[in-house]
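I have placed the structure first, in the form of structure tokens, so that the comments after it can refer back to it.
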Amino acid sequence: MLLFLKILPFIVTALIIVLGYYTNDKKRKNKHFKDDESQIEYYKSIYIPIKFDRRLPTIKKNGYKLEDIAENATIFCYDNPIPSKDEISKLKAGDLVKLNFVDKNHEVERMWVRYEKYDTGLHLGILDNDPFDINKLEIGAEVWFHSNNILIIDDKE
């Protein structure tokens, strides 16, 4: 009984922390629900599907494909807003963009690609990460991608 009385304050403190976190998390989610809904509606209103282009990677040809981040933003919210058309149009050689690479098992690996140039509807970059799981891909590989594939831009400014 004495041991129980000694650890009781720790148990009560832990319960207070857990309940406080749970309550704040519920409030945060409810507070932002309308914002999330309007953000999703905004992305739905501006979404333009990616047209077929032989330069884009496919599972069959390359062992991976790139996730359509813009399409996903019409379904759920990412932690941060996805880059706008204006931000994407300001990309310059050397900027880093984060893309989601999807393998044949539908596993996603987020990797940085160093931006090189824009050419007739697509962007070209050089993989700046060493992949863990995608066998046909190595650091330094050329990657063609669409604006919809960009999750994050790091322009080093």
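Please go through the range 136-157 and pick out each residue that is in contact (Cβ under 8 Å) with a residue 60 or more places away in the chain and assigned to a strand (DSSP E or B). Talk me through it step by step, then tell me what you get.
From the range 136-157, those in contact (Cβ under 8 Å) with a residue 60 or more places away in the chain are 136-137, 143-153, 155-156; that's our starting set.
Selection gives Val143, Trp144, Phe145, Ile150, Leu151, Ile152, Ile153.
Working only within the range 111-140, note down all residues that are under 20 Å from Ile69 (Cα atoms) and among the aliphatic types (A, V, I, L, M).
The answer is Met111, Val113, Leu122, Leu124, Ile126, Leu127, Ile134.
Identify, from the list Asn72, Asn80, the residue that is assigned by TED's automatic domain parsing to the domain that holds Lys117, surrounded by 11 or more Cβ atoms within 10 Å (Cβ to Cβ) and of a type in the set (S, T, N, Q). Give the derivation first.
Working: Asn80 fails: surrounded by 11 or more Cβ atoms within 10 Å (Cβ to Cβ).
That would be Asn72, the only listed residue that is assigned by TED's automatic domain parsing to the domain that holds Lys117, surrounded by 11 or more Cβ atoms within 10 Å (Cβ to Cβ) and of a type in the set (S, T, N, Q).
Residues checked against (1) aliphatic (A, V, I, L, M); (2) out of contact with any Phe, Trp or Tyr (no Cβ under 7 Å at 6 or more places or on another chain); (3) modelled with pLDDT of 95 or more:
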{"position": "Asn72", "(1), (2), (3)": "no, yes, yes"}
{"position": "Pro81", "(1), (2), (3)": "no, yes, no"}
{"position": "Lys98", "(1), (2), (3)": "no, no, yes"}
{"position": "Met111", "(1), (2), (3)": "yes, no, yes"}
{"position": "Tyr115", "(1), (2), (3)": "no, yes, yes"}
{"position": "Asp119", "(1), (2), (3)": "no, yes, yes"}
{"position": "Gly125", "(1), (2), (3)": "no, no, yes"}
{"position": "Ile134", "(1), (2), (3)": "yes, no, no"}
{"position": "Ser147", "(1), (2), (3)": "no, yes, yes"}
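Is it the case that the range 58-71 has a residue that's on the phi > 0 side of the Ramachandran plot and either touching a residue at least 40 places away in the same chain (Cβ under 8 Å) or among the aliphatic types (A, V, I, L, M) (or both)?
The initial filter retains those residues of the range 58-71 that are on the phi > 0 side of the Ramachandran plot, namely 63.
Now narrow it down to the ones that are either touching a residue at least 40 places away in the same chain (Cβ under 8 Å) or among the aliphatic types (A, V, I, L, M) (or both): 63.
Yes, the range 58-71 has at least one match.
Within the range 130-153, how many residues turn out to be buried (at least 20 other Cβ atoms within 10 Å of the Cβ) and polar (S, T, N, Q)?
2
Only residues in the range 73-93 that are of a type in the set (Gly, Ala, Ser) count as the first member; pair them with residues that are in a helix (DSSP H, G or I), Cβ under 6 angstrom, at least 6 apart or cross-chain, and list the lot.
So the pair list comes out as Ala73/Tyr43.
Within the range 35-82, track down each residue that is part of a loop (DSSP other than H, G, I, E, B), over 19 Å from Phe145 (Cα atoms) and of a type in the set (Phe, Trp, Tyr).
Phe76, Tyr78
Any idea which residue in the range 83-95 is surrounded by the most Cβ atoms within 10 Å (Cβ to Cβ), counting only those that are in a loop (DSSP other than H, G, I, E, B) and of a type in the set (A, V, I, L, M, F, W, C)? Break it down into steps so the answer makes sense when it comes.
Our first condition is that a residue be in a loop (DSSP other than H, G, I, E, B); within the range 83-95, this holds for 83-84, 90-95.
Within this subset, residues satisfying the condition of being of a type in the set (A, V, I, L, M, F, W, C) are 91, 93.
On the way: Leu91: 21, Ala93: 10.
Among them, the one singled out is Leu91.
The values are calculated or read from the model by the stated rules, or taken from the named source; none is laboratory data. This one's a predicted model, so the numbers in the text were calculated from it and none came from an experiment. No Cβ is skipped: glycine too gets one built from the backbone with ideal geometry, and neighbour counts run over all protein chains shown.
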